[in-house]
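The values are calculated or read from the model by the stated rules, or taken from the named source; none is laboratory data. As the structure is a computational prediction, the values presented were derived from the model and not from experiment. Here the Cβ positions follow ideal geometry from the backbone for every residue, glycine too, while neighbour counts run over all protein chains shown.
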Amino acid sequence: MTPEEMRVCVVGLGYIGLPTAGVLATRGFSVLGVDVNSEVVEKTNRGSVHFHEPDLDVLVRIGVNSGRLAASLEPAPADVFIVAVPTPTGADHRPDLSYVEAATKAIAPHLAPANLVILESTSPVGTTEKVAHWLRELRPDMTIAGRCDTPPSQAHGPEQVYIAHCPERVLPGQILKELIEDDRIIGGIDRPSAEKTREFYEAFVSGRIFLTNARTAEMCKLAENAFRDVNIAYANELSLVCDRLGINVWELIELANHHPRVHILQPGPGVGGHCIAIDPWFIVDSAPECARLIRAAREVNDAKPLHVVASLKAHAARFRQPVIACLGLAFKANVDDLRESPAVEIVRRLADEGAGTILAVEPHLRELPSELADRGVQMVPLSQALNEADIVVLLVDHRAFASVGREALEGKIVVDTRGLWRGA
Ligand code: SAJ
């Protein structure tokens, strides 16, 4: 089948689903994007986007105008179903698979023989098997791939529903480029499912494609993000040690990285986003007694915002009515994404603990999130924040803050959690 002959149903129009839907539509597939949020559906159908990602608006507009991309609250029959819904953690960092289960239930009535179901959501090991199990319960009339007791005459037959996990690996801020260029790992629930999924991705991915089983693919994605978390935790721990010993951590890391086999990452105010701060917990949850380093890294990174707050409060105690300018709220540089943002946590805690008048600057947002506005935090332009502040804390290394000059900070207490101004 050529892309032009194929219908793809993408369930979940978030940070992964919407760009994927847009890319597929521009590659000629007929795409139906599905979301439970009617505002997202309406916006997509108008050809606009509900979050900022470079060039995504253009891609979605082209897709909708060409008639190859539409959105709906409900799935419809298709050749390929992509599940790209959130997999958050709930109480005690346990994985919450309710969105994956709801998406599976929503597509089940529309399944037909030879359909392909791809789970793209980052998932704990065993989730793809669960999807297959739920589909078997919901559609006893169909042969769902991966069942050991399926009669050989039916197993691997062209009529079965194929199932695979193909974790997304794109970096927010570079999603459209990485969706196409990144190498992909495909974990089939059985070999025919992996091979069928490869054919599909080959139509729009220029990176290399590697096949494995579903459990390995699930673990692979978790291992990648946990690797980064552990390495950032190392940098964050070093920053605490250096503070204690009166050493400039940025200079230290720059020097250490001259070693040919050392590449220390950058410390910061903590780790945010909906991936690295969450996914390592899936590993901890599935093998708690083994995953000691991974758990410790999570704890080190989660504790970092508290250290920043403590240091700011100590500075603020020197003023009668301290004004604290907090530069940046996003979880990382040059995005508008606030999910799990350590900057938001720091500003919220400063407000809750009455540390002073809190001014927030976030060039990527038009208004403050209500959790901060309700606490009396004021959103102001950068120049006003710099004029009025006694203490300036840089929380996000947005490009917009790089040019803040030494003069603007003169006479103020400066806490640069990202090392952006270390050369200034
Ligand atoms: N951070 C630091 N120091 C660093 C690097 C990052 O403090 O040296 C912080 C960032 O400021 C941010 C957090 O870590 O708060 C995570 O940012 P990130 O840029 O490392 O990663 P994400 O969350 O934007 O995207 C990650 C990527 N995974 C890896 O790099 C292994 C991406 O490829 C994944 O697709 C994505 O998670 C995901 O969706 O899982």
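Mind checking which strands (runs of 3 or more DSSP E) fall wholly inside region 60-138 and carry at least 3 residues that are more than 18 Å from the chain's Cα centre (by Cα)?
Strands (runs of 3 or more DSSP E) meeting the threshold: 69-72, 116-119.
If I filter region 298-321 for residues that are closer than 27 Å to Leu97 by Cα, within 11 Å of the ligand (Cβ to nearest atom) and buried (at least 21 other Cβ atoms within 10 Å of the Cβ), do I get at least one hit?
Yes, some residue in region 298-321 is closer than 27 Å to Leu97 by Cα, within 11 Å of the ligand (Cβ to nearest atom) and buried (at least 21 other Cβ atoms within 10 Å of the Cβ).
Taking the residues in region 401-424 that are assigned to a helix (DSSP H, G or I), more than 16 Å from the ligand (Cβ to nearest atom) and not basic (Lys, Arg) as candidates, determine which candidate is nearest to Trp250 (Cα to Cα).
Only one residue tops the list, namely Leu409.
Can you name every residue in region 196-211 that is in a loop (DSSP other than H, G, I, E, B), surrounded by fewer than 18 Cβ atoms within 10 Å (Cβ to Cβ) and out of contact with any Pro (no Cβ under 9 Å at 6 or more places or on another chain)?
Residues satisfying the conditions are Ser206, Gly207, Arg208.
Please indicate, with yes or no, whether at least one residue in region 180-195 is crowded, with 16+ Cβ neighbours inside 10 Å, within 25 Å of Leu56 (Cα to Cα) and of a type in the set (Ser, Thr, Tyr).
Scanning region 180-195 turns up no residue that is crowded, with 16+ Cβ neighbours inside 10 Å, within 25 Å of Leu56 (Cα to Cα) and of a type in the set (Ser, Thr, Tyr).
Given the conditions (1) outside any helix (DSSP H, G or I); (2) within 24 Å of Ile232 (Cβ to Cβ), which single one is not true for Trp281?
(1)
Pull up region 173-207, narrow it to residues that are within 16 Å of the ligand (Cβ to nearest atom) and among the charged types (D, E, K, R), then point me to the one that is nearest to the chain's Cα centre (by Cα).
Glu178
For region 35-43, check the following and say yes or no: at least one residue is in a loop (DSSP other than H, G, I, E, B) and either modelled with pLDDT under 95 or farther than 24 Å from Val205 by Cβ (or both).
yes
Here is a list: Val125, Val100. Which entry is in contact with a Leu (Cβ under 9 Å, 6 or more places away or on another chain), over 27 Å from Val23 (Cβ atoms) and at pLDDT 95 or above?
Val125
Could you check region 307-357 and list, in sequence order, the residues that are among the basic types (Lys, Arg), closer than 19 Å to Gly376 by Cα and in a loop (DSSP other than H, G, I, E, B)?
Correct list: Arg320 only.
Quick one: which of Ser341, Ser383, Ser370 is within 16 Å of the ligand (Cβ to nearest atom), of a type in the set (Gly, Ala, Ser) and modelled with pLDDT of 95 or more?
The match here is Ser341.
Can you pull out every residue in region 1-15 that is touching a helix residue (DSSP H, G or I) at 6+ places or on another chain (Cβ under 8 Å) and among the β-branched types (Val, Ile, Thr)?
The answer is Val8, Val10, Val11.
Is it the case, given these coordinates, that Leu111 is without any contact (Cβ under 8 Å) to a residue 60 or more places away in the chain, in contact with a Ser or Thr (Cβ under 7 Å, 6 or more places away or on another chain), of a type in the set (A, V, I, L, M) and more than 16 Å from the ligand (Cβ to nearest atom)?
It is false that Leu111 is without any contact (Cβ under 8 Å) to a residue 60 or more places away in the chain, in contact with a Ser or Thr (Cβ under 7 Å, 6 or more places away or on another chain), of a type in the set (A, V, I, L, M) and more than 16 Å from the ligand (Cβ to nearest atom).
Being away from the ligand (no atom under 12 Å from the Cβ), out of contact with any Ser or Thr (no Cβ under 7 Å at 6 or more places or on another chain) and either among the small types (Gly, Ala, Ser) or within 27 Å of Ile175 (Cα to Cα) (or both) is the filter here; which residues of region 281-297 pass it?
Ile283, Ser286, Ala287, Ala291, Ile294, Ala296
Those residues that are among the aliphatic types (A, V, I, L, M), closer than 22 Å to Glu224 by Cα and more than 13 Å from the ligand (Cβ to nearest atom), I need them from region 237-280; list them, please.
Val262
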